[in-house]
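The block underneath contains the structure these notes are about, expressed in structure tokens.
The values are calculated or read from the model by the stated rules, or taken from the named source; none is laboratory data. Since we're looking at a predicted model, the values are computed, not measured. In this analysis, Cβ positions are derived from the backbone assuming ideal geometry, glycine residues included, and neighbour counts consider all displayed protein chains.
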Ligand code: FAD
Ligand code: SF4
Ligand code: SF4
């Protein structure tokens with residue numbers, strides 16, 4: 001082992017510097033400054049090169065983390081990039097948006113006592129350096145194959161599958177209802193977590209590598225699944241989950257009570273330079289307003305932090321459990337607190353007040369009761385604990401469910417689970433329709449970018465095997 005490693009006993013953990021909260025609130029740029037070469041090499045050298053690397057075990061992509069940390073410590077960045085990109089289509093994106101505290105870094109053995117190696121920040125550094133040096137290349141097939149694959153959805157699952165299939169030589173077309181590729185990486189996750197040109201450059205490189213993008217094309221409206229099924233040797237459904245969970249409380253339909261994704265899409269579009277009438281009219285703009293965001297996940301954190309940047313008069317997050325039980329990443333909660341967001345823990349909305357538009361949220365205090373069958377403590381309202389928060393914009397961020405795809409795609413044979421996600425064979429990843437596969441959030445339920453990539457890579461292998469089997473059968477029949 002290189003003498004350079006095992007430096008955790010000497011060197012403290014140092015994440016890349018965060019910009020000051022006041023600066024962050026004034027623009028939309030990413031929160032963390034990039035590592036400089038020396039810091040990246042030093043931080044990578046803290047790794048103890050474990051024989052059984054728990055970081056790797058808990059990375060959904062099983063990234064070969066110890067190897068690329070060692071190469072980074074030695075300054076061999078091109079090789080580090082080769083290893084990082086062998087298992088991950090977008091290492092620079094995962095380095096930015098993975099909840100590392102729950103995945104790789106949360107399981108780093110030196111976390112106990114010395115604080116984890118800064119795996120995510122090093123992964124981002126390696127890949128940003130690779131882009132700067134022109135080491136990132138468009139997908140290049142070894143040989144072209146005649147079969148074409150249709151992919152519905154240009155999110156991380158669809159894009160990762162497209163890249164793998166293209167490298168194998170297939171002709172790949174991605175259909176997406178939006179005008180840009182990237183899925184929630186473009187229109188969900190805000191710029192201050194993931195700058196949009198980081199996603200756009202991948203999309204453009206994929207197009208350069210021969211992947212065809214049919215944008216502004218909604219399957220079920222502009223083209224049917226049946227048509228795609230006829231046209232392509234196999235079809236992948238990677239459409240994500242978008243049906244916002246609602247609140248059944250009086251006044252929930254008042255103007256000014258909006259869904260999180262509508263709000264975030266408007267903000268992201270504005271940042272991308274599009275004309276956004278709902279933003280300009282003020283319907284989806286927090287400027288000068290008292291904003292209440294309901295929910296405790298990453299989407300809620302993205303909404304509160306977007307509202308602060310839009311110049312809201314006040315931003316309050318209402319969550320029915322306590323801070324320790326928030327589903328979102330703690331790192332994002334701290335960032336929100338630093339940026340001036342107020343949290344009302346253990347509080348839930350009871351009604352939305354106002355006549356022509358929302359003017360306030362009546363909330364009730366909760367306490368955590370006995371655990372249910374899943375082990376999670378139940379929340380119970382405390383009688384007589386009502387209070388009202390002034391609000392002229394309320395954002396509902398309570399999570400997402402899948403839309404009714406069998407109906408939207410007019411394919412009753414597509415079967416779904418009791419949660420509405422698409423049912424697939426767990427090995428072949430094929431739906432009940434032969435030759436139609438599914439991956440990403442539409443199968444898993446609302447999840448993470450890194451799981452989308454994992455599923456996209458896995459399903460690409462299954463699709464390739466399926467098409468291969470079909471061509472072999474045809475060749476045998478022709479003999
Ligand atoms: P998506 O990214 O949803 O992509 C699906 C694509 O399919 C979209 O482009 C959509 O337009 C297209 N589509 C849908 N229906 C049709 C149709 N009928 N015809 C054509 N195209 C269609 N994950 C993290 O890891 N870190 C984070 O910080 C993080 N932050 C998030 C913040 C927000 C606000 C949200 C909502 C999610 C966040 N996630 C985060 C989760 C992550 O973005 C998703 O898990 C991931 O994008 C799912 O990938 P996917 O490819 O399955 O679906
Ligand atoms: Fe960690 Fe995510 Fe990178 Fe895996 S992909 S090493 S979980 S940051
Ligand atoms: Fe290095 Fe931590 Fe992974 Fe061990 S668990 S190999 S110390 S990053």
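If a residue has to be surrounded by 19 or more Cβ atoms within 10 Å (Cβ to Cβ) and not in a strand (DSSP E or B) to count, how many in region 434-443 make the cut?
5
Need the failing condition index for residue 435 against (1) on the phi > 0 side of the Ramachandran plot; (2) away from ligand 2 (no atom under 16 Å from the Cβ); (3) out of contact with any strand residue (DSSP E or B) (no Cβ under 8 Å at 6 or more places or on another chain), just the number.
For residue 435, the failing item is (3).
Give, as residue ranges, the strands (runs of 3 or more DSSP E) completely inside region 364-423 that count at least 3 residues that are within 16 Å of ligand 3 (Cβ to nearest atom) and under 24 Å from the mean Cα position of the chain (by Cα).
none
Of the residues that make up region 89-99, is at least one surrounded by fewer than 24 Cβ atoms within 10 Å (Cβ to Cβ) and more than 16 Å from ligand 1 (Cβ to nearest atom)?
No, the conditions are met nowhere in region 89-99.
Can you name the residue in region 129-142 that is part of a helix (DSSP H, G or I) and touching a helix residue (DSSP H, G or I) at 6+ places or on another chain (Cβ under 9 Å) and is also surrounded by the fewest Cβ atoms within 10 Å (Cβ to Cβ) among such residues?
131
So the check is Cβ under 8 Å with 6+ separation or different chains; which pairs have a first residue in region 431-459 that's under 19 Å from residue 409 (Cα atoms) and a second one that's part of a strand (DSSP E or B) and within 16 Å of ligand 2 (Cβ to nearest atom)?
That search, which allows pairs on different chains as well, returns nothing.
Just give me the residues in region 92-114 being within 18 Å of the chain's Cα centre (by Cα) and closer than 16 Å to residue 70 by Cβ, in sequence order.
Passing the criteria: only 104.
Please determine, by comparing only the residues of region 30-76 that are without any contact (Cβ under 8 Å) to a residue 12 or more places away in the chain, over 27 Å from the mean Cα position of the chain (by Cα) and more than 15 Å from ligand 3 (Cβ to nearest atom), which one is farthest from residue 116 (Cα to Cα).
So the residue we want is 76.
Here is a yes/no grid of residues against (1) in contact with a helix residue (DSSP H, G or I) (Cβ under 9 Å, 6 or more places away or on another chain); (2) within 16 Å of ligand 2 (Cβ to nearest atom); (3) in the same structural domain as residue 308 (by TED's automatic domain parsing); (4) farther than 30 Å from residue 337 by Cα:
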site	(1), (2), (3), (4)
12	yes, no, no, no
43	yes, yes, no, no
49	yes, yes, no, yes
74	yes, no, no, yes
87	yes, yes, no, yes
92	yes, yes, no, no
105	yes, yes, no, no
110	yes, yes, no, no
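Residues are listed down the side, and each one gets a yes or a no for (1) within 19 Å of the chain's Cα centre (by Cα); (2) within 16 Å of ligand 3 (Cβ to nearest atom):
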position: 87; (1), (2): yes, yes
position: 116; (1), (2): no, yes
position: 119; (1), (2): yes, yes
position: 131; (1), (2): no, no
position: 137; (1), (2): no, no
position: 142; (1), (2): no, no
position: 152; (1), (2): yes, no
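What number goes with the only condition from (1) surrounded by fewer than 18 Cβ atoms within 10 Å (Cβ to Cβ); (2) more than 19 Å from the chain's Cα centre (by Cα); (3) touching a residue at least 24 places away in the same chain (Cβ under 8 Å) that residue 213 does not pass?
Only one criterion in (1) surrounded by fewer than 18 Cβ atoms within 10 Å (Cβ to Cβ); (2) more than 19 Å from the chain's Cα centre (by Cα); (3) touching a residue at least 24 places away in the same chain (Cβ under 8 Å) is unmet by residue 213, namely (1).
Tally the residues that are in contact with a helix residue (DSSP H, G or I) (Cβ under 9 Å, 6 or more places away or on another chain) and part of a loop (DSSP other than H, G, I, E, B), restricting the search to region 288-306.
3
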